[in-house]
There are 2 protein chains.
Amino acid sequence: MEGYKRFLFFLVTSLLLGFLSVLFSLVWVFHWREGLSWDGGAAEFNWHPVLIITGFIFIQGIAIIVYRLPWTWKCSKLLMKCIHAGLHLTALVLAVVSLVAVFDFHNAKNIPNMYSLHSWIGLTVVILFALQLVLGFSVYLLPFAPDSLRAALMPIHVYSGLLIFGTVIATALLGITEKLIFALKTPSYSTSPPEAIFVNTLGVFILVFGALVIWMTTQPAWKRPQSQSVKALHPNGGSPDVTEESSTATGYSNTDKSDVEMNSEAAARKRNLKLDEAGQRSTM
Amino acid sequence: MEGYKRFLFFLVTSLLLGFLSVLFSLVWVFHWREGLSWDGGAAEFNWHPVLIITGFIFIQGIAIIVYRLPWTWKCSKLLMKCIHAGLHLTALVLAVVSLVAVFDFHNAKNIPNMYSLHSWIGLTVVILFALQLVLGFSVYLLPFAPDSLRAALMPIHVYSGLLIFGTVIATALLGITEKLIFALKTPSYSTSPPEAIFVNTLGVFILVFGALVIWMTTQPAWKRPQSQSVKALHPNGGSPDVTEESSTATGYSNTDKSDVEMNSEAAARKRNLKLDEAGQRSTM
């Protein structure tokens, strides 16, 4: 892998920030707030930030970069797809539980639901995330979609995945802001008590975590290379699924569309030539 | 241009959303708030959302996609760089004036500065934006930087530009949330009065505007093509500045580094071959 040490630096830094974000969310709710429970009170609400940060941010971030880890490149593409989908499914489940917690809390306290910009964008992004997961599963894990469809949808799959991830982070920052304004009264948020500084810092950690994940994902040199010898364990038992890899790799719809028609040995040679000629790895 | 109609659809939709966002910000401050003035009161604060949305979001968005407009492809690269830099400079000036307005308002009303997550991220992103502008001007407009440096920095320039743009949008959403919570008391934000619905909608417009701009910018098929016949009017009067174009185009650091050493006719032929072979246009 080109720039392996730089990749490791980014990976370790992002994992550290992600881990610190989860830790900070727990310290926040246990040290300054009411802890965690499921009783319709503030401690039930607290599941919302903890589960969003753990599942919808940290686990989703790992799910996004999992193909980039060089020590997984010897694993089959199917296994990696299952891990990618499984981590996203875990993120979705935690996000849904966190939504239940906040609706439950609002209803118990007679607080209106869905009035804030945070709630508008947040619910929309959870629905879009679920649609993205269903679409991704149907097209890339089930054996029915033709290669042409897989290739055509890949740039959209990648873009919408990163857009959803970025929007989740923005929504989390909105939630942090709301909670600090509502919860900090004496002393107020504007007097910068320790809790405000601590949770603002959590917000910065989340933002930088997201920036690092997106940087790693869009670096062409760090893309999982196309398998030359390992036949991908495609669910339909067919040809190596280079189509998806190349489409993910290049993001070039022209190339994608022509590539899907090339499954012969000659096509493989042509592909190798292209890679050699252009020094082409992968991008988004 | 491949997919010209689709590009036009995205362009018109994004411009419409950007224009509507500016319009909504004006309707907000004139219809529901205190209008605009420069007297240390709430009407001075109101310059903050209006100038941020006009300059730091709408104008910055246009500055980002200006290279993609196909009817500018016959213009020299230098002219387009000047437009790109000029629009960004305009955005920065408006952002700085908007910061002065909000600090002035806070000081007049004895409201603390820099306590919220919005202010932390917002000030940081204005500073990063200014640094990005100075660095971009020094490297890509002044005639001193060697081609190798220009090519090496281009992926970082593009990524950090889009990261800053995305962060500005997230910060604007934080500001909208803060302002609605603070300003809406009777009736409160949580009762969803018309102003809350209107300004939440403004937030959604801003978010979708940003998503469309980033989509257009990362579509390889919509990249400004490399000039084959038109000599770029490079400030140092030298060779065509294909280096920057190809580095922007491919995002492949390997390719970038080798490309900077190729200025001969043979290199141009090799480049054309690569483009033909790989169907390669451009990505981030």
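The values are calculated or read from the model by the stated rules, or taken from the named source; none is laboratory data. Computed from a predicted structure; not experimentally measured. Cβ: placed from backbone, ideal geometry, glycine included. Neighbour counts: every protein chain shown.
Has segment B:194-209 got any residue that is outside any helix (DSSP H, G or I) and within 10 Å of chain A (Cβ to nearest Cβ)? I'd like the intermediate steps shown before the answer.
In the first step, residues of segment B:194-209 are kept if they are outside any helix (DSSP H, G or I); the result is none.
Looking for residues that are outside any helix (DSSP H, G or I) and within 10 Å of chain A (Cβ to nearest Cβ), one finds none in segment B:194-209, hence no.
If you scan segment A:12-31, which residues turn out to be among the aliphatic types (A, V, I, L, M) and under 21 Å from residue A:52 (Cα atoms)?
Hits for segment A:12-31 are A:15, A:16, A:17, A:20, A:22, A:23, A:26, A:27, A:29.
One line per residue, one yes/no per condition, for (1) more than 23 Å from residue A:213 (Cα to Cα); (2) of a type in the set (Ser, Thr, Tyr); (3) surrounded by fewer than 23 Cβ atoms within 10 Å (Cβ to Cβ); (4) without any contact (Cβ under 8 Å) to a residue 12 or more places away in the chain:
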{"site": "A:39", "(1), (2), (3), (4)": "yes, no, yes, yes"}
{"site": "A:44", "(1), (2), (3), (4)": "yes, no, yes, no"}
{"site": "A:73", "(1), (2), (3), (4)": "no, no, yes, no"}
{"site": "A:111", "(1), (2), (3), (4)": "yes, no, yes, yes"}
{"site": "A:114", "(1), (2), (3), (4)": "yes, no, yes, yes"}
{"site": "A:137", "(1), (2), (3), (4)": "no, no, yes, no"}
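Looking at the structure I just gave you, is residue B:76 hydroxyl-bearing (Ser, Thr, Tyr) and within 22 Å of residue B:29 (Cβ to Cβ)?
Working: hydroxyl-bearing (Ser, Thr, Tyr): yes; within 22 Å of residue B:29 (Cβ to Cβ): no.
Answer is no for this residue.
Suppose we keep only residues that are assigned to a helix (DSSP H, G or I) and more than 10 Å from chain B (Cβ to nearest Cβ) within segment A:174-193. Which one would you say is farthest from the chain's Cα centre (by Cα)?
A:183
Can you pull out every residue in segment B:176-185 that is under 17 Å from residue B:46 (Cβ atoms) and surrounded by fewer than 18 Cβ atoms within 10 Å (Cβ to Cβ)? Don't jump to the end; show me each part of the working.
Filtering segment B:176-185 for residues under 17 Å from residue B:46 (Cβ atoms) gives B:176-184.
Within segment B:176-185, B:182, B:183 meet the criteria.
Could you grab me the full set of residues in segment B:143-175 that are touching a Gly at 6+ places or on another chain (Cβ under 9 Å), surrounded by fewer than 22 Cβ atoms within 10 Å (Cβ to Cβ) and of a type in the set (Val, Ile, Thr)?
B:158
Looking at segment B:199-246, which of the residues that are among the hydrophobic types (A, V, I, L, M, F, W, C) and at pLDDT below 50 is surrounded by the most Cβ atoms within 10 Å (Cβ to Cβ)?
Our first condition is that a residue be among the hydrophobic types (A, V, I, L, M, F, W, C); within segment B:199-246, this holds for B:199, B:202, B:204-209, B:211-216, B:221-222, B:230, B:232-233, B:242.
Applying the additional criterion that residues be at pLDDT below 50 yields B:230, B:232-233, B:242.
On the way: B:230: 13, B:232: 21, B:233: 14, B:242: 23.
That would be B:242.
Which of the residues belonging to segment B:210-231 are at the interface with chain A (Cβ under 9 Å from one of its Cβ atoms) and either outside any helix (DSSP H, G or I) or hydroxyl-bearing (Ser, Thr, Tyr) (or both)?
Residues satisfying the conditions are B:218, B:219.
I need every pair where a residue in segment A:1-30 that is under 17 Å from residue A:94 (Cβ atoms) has its Cβ under 6 Å from the Cβ of a residue that is hydroxyl-bearing (Ser, Thr, Tyr), sequence separation at least 6 or different chains.
A:22/A:54
Regarding residue A:131, is this residue more than 8 Å from every other protein chain (Cβ to nearest Cβ), modelled with pLDDT of 95 or more, loosely packed, with under 14 Cβ neighbours inside 10 Å and farther than 22 Å from residue A:218 by Cα?
On the way: more than 8 Å from every other protein chain (Cβ to nearest Cβ): yes; modelled with pLDDT of 95 or more: yes; loosely packed, with under 14 Cβ neighbours inside 10 Å: yes; farther than 22 Å from residue A:218 by Cα: yes.
For residue A:131, the condition - more than 8 Å from every other protein chain (Cβ to nearest Cβ), modelled with pLDDT of 95 or more, loosely packed, with under 14 Cβ neighbours inside 10 Å and farther than 22 Å from residue A:218 by Cα - is met.
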